[in-house]
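The values are calculated or read from the model by the stated rules, or taken from the named source; none is laboratory data. Bear in mind the structure is a predicted one, so any value in this text is a computation, not a measurement. Cβ: placed from backbone, ideal geometry, glycine included. Neighbour counts: every protein chain shown. Side chains included, ligands, DNA and RNA excluded: accessible areas come from the protein's heavy atoms. Shrake-Rupley method; radii C 1.70, N 1.55, O 1.52, S 1.80 Å.
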Amino acid sequence: MTSIDQARDIREGEDIDAAALTHWCREHAPTLVPSEGDMTIRQFPGGASNLTYLLKVDDREYVLRRPPFGSQVKSAHDMGREYGVLSRLDGVYDYGPTPIVHCTDEDVIGAEFYVMERLRGVILRRDLPDDVSLSPAAATRMCEQLLDVQAALHTTDVDAAGMADFGKPEGYIERQVLGWNKRYRNARTDDVPDCEALMQWLEARMPDVTRRAIIHNDYKLDNVVFDESLNDIIGVLDWEMATLGDPVMDFACSMAYWVQADDPQPMLDIRMGPTHLPGMLTRDEMLARYREKTGFAIDDWPFYRVFGLFRLAAILQQIYKRYVEGKTQDERFAGFGQAVNVLAAQCEREIRAAA
């Protein structure tokens with residue numbers, strides 16, 4: 001199947017010194033690059049945060065993760081933390097890639113990095129690959145898989161995973177709401193709504209509940225890897241934002257990406273995955289299954305739903321402001337302001353429905 005996620009030539013300015021990397025690996029992780037082996041490096045094109053490279057040594061493949069070039073916010077690209085999450089999940093959660101080695105010496109390739117196993121499979125983005133068809137029954141199974149793998153993470157024993165020190169569940173909801181409200185205000189441009197009434201609504205509706213679970217914080221279709229037949233999920237990628245917190249907020253943030261067939265056309269226009277296809281579960285069906293699989297009581301779903309949508313709007317707005325200010329010329333971001341308007345309008349619809 002040609003839809004297997006493929007690495008490409010390395011983008012200009014994002015090269016890695018193969019000789020230096022090979023030398024370091026032979027000294028610190030000799031199983032990666034035996035003395036007689038040669039390493040080739042290519043780059044995966046997806047993602048807007050940490051950079052991901054394919055390392056190939058003879059017939060073996062690995063993945064290297066490093067921060068983006070020029071980043072000044074090290075806390076947002078903490079390779080040691082991401083490696084630590086995968087290391088602790090190894091053996092207690094079946095869907096984290098196996099980490100192999102972590103390098104803190106920035107002189108090797110210009111930044112801290114780690115290497116993990118490569119999960120060879122299919123990653124679904126806005127539309128299905130040209131050579132892939134999906135029956136309604138297969139689409140339903142895919143949704144169930146996606147939900148069940150997230151629920152498995154949310155019900156993983158925090159202490160058994162050794163992750164009790166990876167976050168502060170107490171006050172998590174309030175920190176998230178106030179934090180994203182502040183980020184949106186700081187990133188607002190003149191062509192998007194001020195969302196003040198929406199933010200006040202969120203602050204007034206915060207549930208007084210503390211749940212303690214491992215959360216991914218960016219769990220969505222293009223961060224999971226399916227096997228070649230699209231029958232099963234074989235792994236979950238991009239653990240840079242994983243922490244301890246409220247799992248229902250994590251689920252709601254995933255559902256912010258879930259655009260279904262009967263949504264308003266503007267929402268369908270900005271969808272980021274093929275979640276509108278026949279057989280895909282609706283958000284209500286996903287919520288019902290999530291409740292069943294986790295046993296969580298969710299008494300104020302409208303709050304979580306609106307928060308998930310608004311958080312996504314704030315994320316896009318932060319990127320859009322960088323584009324407006326000329327800090328990035330990536331034309332993919334030119335339409336993000338319009339997407340923010342669409343998401344804000346959807347939040348208002350959800351608030352009116354909740355009333």
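Tabulated data
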item	result
Output for the stretch 26-58, where each listed residue is part of a loop (DSSP other than H, G, I, E, B), modelled with pLDDT of 75 or more and either open to solvent by less than 90 Å² (accessible area, probe 1.4 Å) or on the phi > 0 side of the Ramachandran plot (or both)	ALA29, PRO30, LEU32, VAL33, PRO34, PHE44, PRO45, ASN50, ASP58
Qualifying residue in the stretch 68-91 (condition: part of a strand (DSSP E or B) and at pLDDT 90 or above)	no
Any hit, the stretch 60-75, residues being more than 19 Å from GLY235 (Cα to Cα), crowded, with 16+ Cβ neighbours inside 10 Å and under 18 Å from the mean Cα position of the chain (by Cα)	yes
Residue in the stretch 190-206 that is in contact with an Asp or Glu (Cβ under 8 Å, 6 or more places away or on another chain), under 30 Å from ASP5 (Cβ atoms), open to solvent by 10 Å² or more (accessible area, probe 1.4 Å) and assigned to a loop (DSSP other than H, G, I, E, B) present	no
Filter pass, MET280 being closer than 30 Å to LEU86 by Cβ, of a type in the set (A, V, I, L, M), assigned to a helix (DSSP H, G or I) and modelled with pLDDT of 95 or more	no
Breaking point among (1) on the phi > 0 side of the Ramachandran plot; (2) open to solvent by 70 Å² or more (accessible area, probe 1.4 Å), for ARG185	(1)
Test: ASP269 is in contact (Cβ under 8 Å) with a residue 24 or more places away in the chain, touching a Pro at 6+ places or on another chain (Cβ under 6 Å), charged (D, E, K, R) and open to solvent by 10 Å² or more (accessible area, probe 1.4 Å)	no
Complete set of residues in the stretch 93-115 that are among the charged types (D, E, K, R) and under 16 Å from ASN50 (Cβ atoms)	GLU106, GLU112
Residues of the stretch 120-169 satisfying the condition of being under 20 Å from MET280 (Cβ atoms) and touching a His at 6+ places or on another chain (Cβ under 9 Å)	GLN150
Scope the stretch 320-354; condition surrounded by fewer than 18 Cβ atoms within 10 Å (Cβ to Cβ), of a type in the set (A, V, I, L, M) and in contact with a helix residue (DSSP H, G or I) (Cβ under 6 Å, 6 or more places away or on another chain); matching residues	ALA354
Within the stretch 283-299, considering residues that are modelled with pLDDT of 95 or more and acidic (Asp, Glu), the one farthest from TYR257 (Cα to Cα)	GLU292
Close pairs from the stretch 305-331: first among the hydroxyl-bearing types (Ser, Thr, Tyr), partner modelled with pLDDT of 90 or more, Cβ under 6 Å, at least 6 apart	TYR320/PHE336; TYR320/GLY337
Residue, farthest from the chain's Cα centre (by Cα), within the stretch 221-272, restricted to residues that are β-branched (Val, Ile, Thr) and either more than 28 Å from ILE4 (Cα to Cα) or assigned to a helix (DSSP H, G or I) (or both)	VAL248
Selection status of ILE234, among the β-branched types (Val, Ile, Thr), touching a strand residue (DSSP E or B) at 6+ places or on another chain (Cβ under 6 Å) and closer than 30 Å to TYR323 by Cα	no
Pairs where the first residue, in the stretch 88-107, is under 15 Å from VAL63 (Cβ atoms) and the second is hydrophobic (A, V, I, L, M, F, W, C) and open to solvent by 20 Å² or more (accessible area, probe 1.4 Å), C-beta under 6 Å, 6+ apart	PRO97/LEU119
Residue in the stretch 148-164 that is at pLDDT 95 or above, of a type in the set (D, E, K, R), in a helix (DSSP H, G or I) and under 18 Å from GLY308 (Cβ atoms) present	no
Residues that are at pLDDT 95 or above and either assigned to a loop (DSSP other than H, G, I, E, B) or of a type in the set (Lys, Arg) (or both), drawn from the stretch 301-334	ARG305, ARG311
Any hit, the stretch 114-122, residues being farther than 26 Å from PRO67 by Cα and either part of a loop (DSSP other than H, G, I, E, B) or within 21 Å of the chain's Cα centre (by Cα) (or both)	no
Qualifying residue in the stretch 93-110 (condition: assigned to a loop (DSSP other than H, G, I, E, B), over 22 Å from LEU281 (Cα atoms) and modelled with pLDDT under 90)	no
Subset of the stretch 203-231 [small (Gly, Ala, Ser) and more than 26 Å from ALA139 (Cβ to Cβ)]	ALA204, ALA213
